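Report on one structure; see the data block that follows.
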Amino acid sequence: MGGNALPISSTVAVIGAGAMGAGIAQVAAVAGHSVLLLDNRPGAAQQAIDGIRAQLGKLADKGKLTAESARAAGERLLAASTTQELAGASLVVEAIVENLDIKRALFRELEAIVGPDCIFGTNTSSISVTAIGAGLQQPSRLAGLHFFNPAPLMALVEVVSGLATDAAVANTLFATALAWGKTPVHAKSTPGFIVNRVARPFYAEGLRLLNEGAADCSTIDAVMREAGGFRMGPFELMDMIGHDVNFAVTRSVWNAFYNDQRFLPSLIQQELVDAGFLGRKTGRGFYNYQDGAQRPLPSTAAACAVPDQIVVCGNAPAAKALADRLQQAQIAFEQTESIDGRIAQAGTAVLYVTDGRTATKRALDSGIAHTVLIDLALDYGRTPRLAASTALQASTDARDAALGLLQAAGWSVSLLKDTPGLAVMRTVAMLANEAADAVHQSVCDAPGADAAMRLGVNYPCGPLAWADAVGAAQIHAVLGHLGQFYGEDRYRISPLIQQAVYAGRTIHA
Ligand code: NAI
């Protein structure tokens, strides 16, 4: 598997001097390569080089590079004006327009110019690497070298092998990305590669919750941020990415998987695109970004009285954190074993962590009318907010007792409509499900899937490691119940998760 990085003495060519090409050129130059930058827009390459040099100067001012290395890296960048000038390059990375025919034509043209050992890297984020390579005399020399934006800052690089890619070429690119200070992961050329595929449920489950009226955007965003530990909630993130871009990626992955329901786009996004509400860049998306507009506050349950009788049950992470937090708040409670997975009782209310059933269904199954569910939290001890839902059969007194208990433990509670899997749990379960399928289908390995999601989209934890921390059986139950509730193939459980549960193993193993 191992490969050697390209020698520092070798020349790297980057074609396309836009946001990505300029970033990649900067990374290669800082690593020590001579870099030729080419763009078919006259003046664009030199302009990008001037911009990179200014950027390097700023990094030196901040002490992240020495002034000498910033200057030297800047000098290693040279604008080219024809493909002929790239003849001596050992690696050509293209970051041009996202169009199959244009990318194919460019590589075909290059094949007649560069040497036989020159490696081709494409920065495409959505086009099949196999398809880009088709028609080349030597398709084995081409692989995806997929950087994330902004390339100088984001650590992840997906090294994507098409059907014809030579393993030695992928390994050289892997070792080279590593030498450039990046964290590469190997991926097979399949729709969305790793990150753009595995991330789909982050948006899709949020959109489904919104569509079903579980809560409003700011409440779901607050729950995902505060309890889930994600940097941004799905709606604020989609507004930042732009709905045109995000919707296009969703549609392309969905189409490429022959309309698999797993990736079904949301009508809500179609509406936003149709309306031209593309997010921050147009001043309006899920939120209003006009001057003076205020972000609506997340809904937070009004304060309820601390219940007289509190029992904390068992020692699951949520129960343990609840007991710790009550102790800190000097609230008296009893402790017992957990008989049926419950984590607490407050007055007549019985509290559980969601297993993917609605509270209403769980109440029916157990005969316990006053059932209250809480959502998953990345860290129950630290989260300031928790989502909860109550069974339709539960009394208001029971609901208030449960809220009073959670609030006494210091949690702000967002009460969601009784929707299966609440917000964080169903999102994490579906992220893990998708990552598990990617591993099961040999797109990548489990550490690669987790690293990709931590480094490519800044998730607080890799989805598979997270699912194992929650428990494979619990994730399996959540997905199974979501599938039963909706009757949709979307929630079918990855064979990898099923096998892990049958074997009593972790998913990661
Ligand atoms: P961009 O529009 O900022 O830059 C593209 C540049 O390529 C432009 O300067 C354009 O003049 C030049 N160009 C177009 N056709 C050319 C050709 N035939 N020969 C030479 N130059 C040509 O685009 P951006 O965002 O930098 O994306 C470039 C590639 O990177 C695309 O394949 C995109 O899918 C991919 N990508 C983009 C990411 C992003 O967040 N923007 C992230 C990861 C990949």
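Annotations
- Rounded to the nearest 20 debye, the dipole magnitude of segment 11-189 is 360 debye, with +1 charges on Lys and Arg beta carbons, -1 on Asp and Glu beta carbons, and the Cα centre as origin.
- Cα pair distances exceeding 37 angstrom across the chain, given as percent: 37 percent
- Radius 15 Å from Cβ of ASN4, net charge of other residues (Lys, Arg +1; Asp, Glu -1): -2
- When you count the other C-beta atoms within 10 angstrom of each residue and take the mean per peptide, 435-446, 137-148, 194-205, 289-300 line up highest first as 194-205, 137-148, 435-446, 289-300.
- Between segment 343-373 and segment 193-242, the alpha-carbon center distance in angstrom: 26 Å
- Note on ARG108 and HIS440: the model spin-label points, each 7 Å out from Cα along the C-beta direction, lie 3.9 nm apart.
- Entries of LYS188/LYS320; LYS64/LYS320; LYS182/LYS281; LYS188/LYS361; LYS64/LYS103 with Cα pairs more than 32 Å apart: LYS188/LYS320; LYS64/LYS320; LYS188/LYS361; LYS64/LYS103
- Scoring 28-41, 100-113, 170-183 by mean Cβ neighbours within 10 Å over their residues and listing the highest first yields 28-41, 170-183, 100-113.
- Positive-end residue of GLN309, LEU56, PRO184, charge dipole of the chain with Cβ unit charges: LEU56
- D_trans [Stokes-Einstein, Kirkwood Rh over alpha-carbon pairs] for segment 310-415, 4 °C, 1.567 mPa s, µm² s⁻¹: 97 µm²/s
- Label-to-label distance for ARG505 and ILE331 is 4.2 nm, based on points extended 7 Å past Cα in the beta-carbon direction.
- Given +1 at the Cβ of Lys and Arg, -1 at the Cβ of Asp and Glu and no other charges, the dipole of the chain around its Cα centre is 440 debye to the nearest 20.
- The alpha carbon centroids of segment 254-314 and segment 102-136 are separated by 40 Å.
- Database remark: amide H of GLY285 closer than 5 angstrom to the amide H of GLY279 (H placed geometrically; neighbours at sequence offset of 5 or more, or on other chains; Pro and chain starts carry no H).
FYI, it's all coordinate maths here, none of it is from the lab. Everything quoted here is computed from the prediction, not taken from an experiment. Cβ: placed from backbone, ideal geometry, glycine included. Neighbour counts: every protein chain shown.
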